[in-house]
Amino acid sequence: MSGQHVLALADLEEHLRRQVAYLRRSAAAYDEGAIDEAFRLATTVRVLCHQTANSRSLLHQLGLLPQRLRFVNTALQLPDLPPGSFVVNPGLCTIRVNFDVGTAAPTPVLDDLGPDRTNPLQAFDEWWVTRFLTNESPLRGGRRAFTYSRRNVVLQMANKDGGAHVDPQMPEHYRALVDHDGVVGLVVNGRHATIPRRAFVTAWMRQIAHEVQRTLERDFRTRTILEGRPSGSARGD
């Protein structure tokens, strides 16, 4: 196309190093208490992973998706339940309870994985769209239930909720999830504790970013690129 410069492989590899540097810095800031960095994490993961008809993700441009990379999956394994049963779980995070002061907070598990979070690696398409949480239960009656995947969380945070864009119209299911007045109530050591619903979303996003970082660090080609060495591999489609 006239007037357009096609990036060389070396240019794309430099972009990957830059995006992973963003990912690491925002993750470190989140872990130090800057929880709103979750929205920057969402934007970076979108740049790396989200492919549309009109734009190609960076990892797709490098030929690493959809086939090569196998993604770290830290989702909680749900038990098989009989019909009509349901289970309550915090998805991609855990709930850290402080019994001394009677508080509770959603917390990304990072690498602190028990047997119920030790899963086989996943192909990208499966990792990206498979639900890790649902609010389906008999208690909802006729109300619509919603499910959440990594794709849902990343794109809502990046495209709708301020990561890269603030949309004046927010999907109802996401608004209900992050409503500033919405809380989850717990009793901790005899004390009533509340958790803002949005805190679950930011904790999920931190864990998604951790999965992406671990995926890129364990793959030989991406690790080579991140270390600044020539990957020696042609770009694929």
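The values are calculated or read from the model by the stated rules, or taken from the named source; none is laboratory data. Keep in mind it's a predicted model, so treat the numbers as computed, not measured. Note that we place each Cβ from the backbone using ideal geometry, even for glycine, and neighbour counts take in every protein chain shown. To get the accessible areas, we keep the full protein, side chains included, count just its heavy atoms, and leave off ligands, DNA and RNA. Shrake-Rupley method; radii C 1.70, N 1.55, O 1.52, S 1.80 Å.
Count, please, the residues in the range 203-223 that happen to be touching a helix residue (DSSP H, G or I) at 6+ places or on another chain (Cβ under 9 Å) and either surrounded by 15 or more Cβ atoms within 10 Å (Cβ to Cβ) or among the β-branched types (Val, Ile, Thr) (or both).
Residues flagged as touching a helix residue (DSSP H, G or I) at 6+ places or on another chain (Cβ under 9 Å) and either surrounded by 15 or more Cβ atoms within 10 Å (Cβ to Cβ) or among the β-branched types (Val, Ile, Thr) (or both) within the range 203-223 amount to 13.
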Query raised in the report: For Leu78, are the conditions met, namely being of a type in the set (A, V, I, L, M, F, W, C), more than 30 Å from His165 (Cβ to Cβ) and either open to solvent by 80 Å² or more (accessible area, probe 1.4 Å) or in a helix (DSSP H, G or I) (or both)?
Result: yes
Query raised in the report: Just to be sure, is Gly228 closer than 21 Å to Pro108 by Cβ and either open to solvent by 80 Å² or more (accessible area, probe 1.4 Å) or at pLDDT 85 or above (or both)?
Result: no
Query raised in the report: Got at least one residue in the range 30-42 being open to solvent by 70 Å² or more (accessible area, probe 1.4 Å) and of a type in the set (Phe, Trp, Tyr)?
Result: no
Query raised in the report: Going through the range 95-151 one residue at a time, which ones are at pLDDT below 80 and of a type in the set (Lys, Arg)?
Result: Arg140, Arg143, Arg144
